[in-house]
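One structure is given here, and the rest of the page talks about it.
Every read-out reported here was derived from the displayed coordinates using simple, explicitly stated rules and does not represent laboratory data. Note that this is a predicted model, so its numbers are computed, not measured. Methodologically, a virtual Cβ is constructed for each residue, glycine included, from the backbone with ideal geometry; neighbour enumeration extends over all protein chains shown.
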Amino acid sequence: MPRDLTKTLTYLAVHLTVGFTVAYLLTGSLAMAGGIALIEPAVNAVAFFFHEKAWKATDARAAAAPAAVPGEAFDARMAAVRWG
């Protein structure tokens, strides 16, 4: 099983437990707590999976980008401000 999927499933288990507990303490209803605990964390787990993918893509782009010369970006911004 891919590591991203394993992390997603373990995160889902923790989130379901916390979600159910909080919802039950707030509502006192097993049915309501179960519904909340299944819907919200399931959606959140999918969002987490894509969040991880986005961060990996960001890391890959950063690793592929050439190293910047110190002060180069600042000099370019200053020239744009001066000569607009």
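Just a few scattered comments:
- With a cut-off of 18 Å on the backbone N, the residues of the range 1-36 near the modelled label site 7 Å out from Trp55 along Cα-Cβ are 2-15.
- For the range 5-14, the Karplus equation 6.51 cos²θ - 1.76 cosθ + 1.60, evaluated at θ = phi - 60°, returns couplings of 5, 4, 4, 4, 5, 5, 4, 4, 4, 5 Hz by residue, with Gly and Pro reported as x.
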